[in-house]
1. On a 26 Å Cα-Cα criterion, which of the cross-link pairs Lys41/Lys96; Lys14/Lys44; Lys28/Lys62; Lys5/Lys32; Lys28/Lys96 come out too long?
2. May I ask you to derive the FRET efficiency for Asn104 and Val7 from their Cβ-Cβ distance with R0 = 25 Å, giving the value to the nearest 0.05?
3. What list of ³J(HN,Hα) couplings, whole Hz, do you get for segment 101-111 from phi and the Karplus terms 6.51, -1.76, 1.60, once you set θ to phi - 60° and write x for glycine and proline?
4. Want the number for Lys62 to Lys44: 0.36 nm per residue separation, take away the alpha-carbon distance, what's left?
5. With each pseudo-label sitting 7 Å past Cα toward Cβ, what's the Thr74-Arg31 distance in nm, one decimal?
6. Taking amide H positions as placed 1.01 Å from N in the peptide plane, with prolines and chain starts having none, which residues 5 or more places from His49, or on another chain, fall under 5 Å of its amide H?
Amino acid sequence: YFWGKDVTGQNLWKLRAAQTELCFYLNKSTRKTRIICRECKTAKLRLNHYIPSPEISRLNCKNNRLVIWFAFDTTMAEDKDEQGEGAGAAATFCAKFNDAAAANEFVQHFEKYGGNSQAQN
């Protein structure tokens with residue numbers, strides 16, 4: 001989910017992708033970690049951003065299966081440049097997990113690689 005406006009202009013949680021996997025990828029040269037999510041059926045990229053510092057991300061666990069964070073994501077741009085690439089936009093994201101163990105594992109990875117992403121695998 002992401003926090004955005006509906007057609008009437010009211011803010012609410014909007015579905016971004018369902019029944020997908022959130023994957024962490026470490027760039028070996030920059031040592032920065034990205035979170036990637038692709039739609040299962042269409043393979044459309046739904047989430048793609050570096051893990052921000054704790055001050056920026058404001059990682060928040062609303063309950064044992066729900067995690068909320070803030071980041072600058074390249075898939076959120078309404079406008080595309082001449083190469084068709086998104087400029088990106090800041091957004092608040094929410095992930096629901098099947099169980100508390102999966103949510104806890106996500107939070108641990110997010111905190112480990114957040115900010116400067118200099119942690120080792």
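Each reported figure results from applying straightforward, stated rules to the coordinates on display, with no laboratory input. Bear in mind that the values here come from a model prediction, so they are computed numbers and not experimental data. A quick note on method: Cβ atoms are made from the backbone with ideal geometry, for glycine too, and the neighbour counts reach across all protein chains shown.
1. Pairs exceeding 26 Å: Lys28/Lys62; Lys5/Lys32; Lys28/Lys96.
2. Efficiency at R0 = 25 Å is approximately 0.10.
3. 5, 5, 5, 5, 4, 4, 4, 4, 5, 4, 5
4. Additional length available on full extension: 3.7 nm.
5. 2.2
6. Ile35
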